[in-house]
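Reviewing the structure listed below.
The values are calculated or read from the model by the stated rules, or taken from the named source; none is laboratory data. Since we're looking at a predicted model, the values are computed, not measured. Note that each Cβ is placed from the backbone with ideal geometry, even for glycine, and that neighbours are counted across all protein chains shown.
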Amino acid sequence: MSPRLFLKLLIIACLVEGISTLVLFGVAMPMKYLAGQPEWVSVVGSLHGLLFMVVVAMFLVGRTVVPLTGRMTILGLVGAVLPLVPFYVDVLLLRVLREMPLESR
């Protein structure tokens, strides 16, 4: 897999994982605590957990495929844990993508 394609997939994965966090906190948890429907958290939480594991694995693999710097990897791993940070990490990843030499594209 080319570094450019991997980076694009990582950006998409971060975006989807960040959105899943917002849905979990903004929709599923209020549905559980305010509407008494805990199944929302079960479904959305499971999906978010899967997406979290995918993003973490992709950042670790990205160390060799892209290669991502140690700083970018740490930011990505922190971003996978904290809400809204994946969107900031996506901006940084887009910069990395734009700065890649032409032969890597």
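When restricted to residues that are of a type in the set (G, A, S) and within 17 Å of L75 (Cα to Cα), the range 20-63 contains 2. Does the range 19-43 hold any residues that are among the hydroxyl-bearing types (S, T, Y) and surrounded by 13 or more Cβ atoms within 10 Å (Cβ to Cβ), and which are they? Answer for the range 19-43, where residues must be among the hydroxyl-bearing types (S, T, Y) and surrounded by 13 or more Cβ atoms within 10 Å (Cβ to Cβ): S20, T21.
Any idea which of T21, T73 is in a helix (DSSP H, G or I), polar (S, T, N, Q) and touching a Phe, Trp or Tyr at 6+ places or on another chain (Cβ under 6 Å)? So that I can check it myself, show each step before the final result.
Working: T21 fails: touching a Phe, Trp or Tyr at 6+ places or on another chain (Cβ under 6 Å).
Result: T73 is the single residue among T21, T73 that is in a helix (DSSP H, G or I), polar (S, T, N, Q) and touching a Phe, Trp or Tyr at 6+ places or on another chain (Cβ under 6 Å).
Does any residue of the range 72-82 turn out to be modelled with pLDDT of 95 or more, out of contact with any helix residue (DSSP H, G or I) (no Cβ under 6 Å at 6 or more places or on another chain) and under 25 Å from L102 (Cβ atoms)? Yes, the conditions are met somewhere in the range 72-82. For the range 82-105: of the residues being loosely packed, with under 13 Cβ neighbours inside 10 Å and of a type in the set (A, V, I, L, M, F, W, C), which is farthest from the chain's Cα centre (by Cα)? So, considering only residues that are loosely packed, with under 13 Cβ neighbours inside 10 Å and of a type in the set (A, V, I, L, M, F, W, C), the one farthest from the chain's Cα centre (by Cα) is L102.
Of all residue pairs spaced 6 or more apart or on separate chains, those with beta-carbon atoms under 6 Å, a first member in the range 4-24 that is acidic (D, E) and a second member that is part of a helix (DSSP H, G or I) and at pLDDT below 95 are E17/P86. Any residue in the range 88-101 that is out of contact with any His (no Cβ under 7 Å at 6 or more places or on another chain), not polar (S, T, N, Q) and not in a helix (DSSP H, G or I)? For the range 88-101, residues out of contact with any His (no Cβ under 7 Å at 6 or more places or on another chain), not polar (S, T, N, Q) and not in a helix (DSSP H, G or I): present. Across the range 47-98, the number of residues qualifying as more than 10 Å from L10 (Cβ to Cβ), in contact (Cβ under 8 Å) with a residue 12 or more places away in the chain and of a type in the set (G, A, S) comes to 2.
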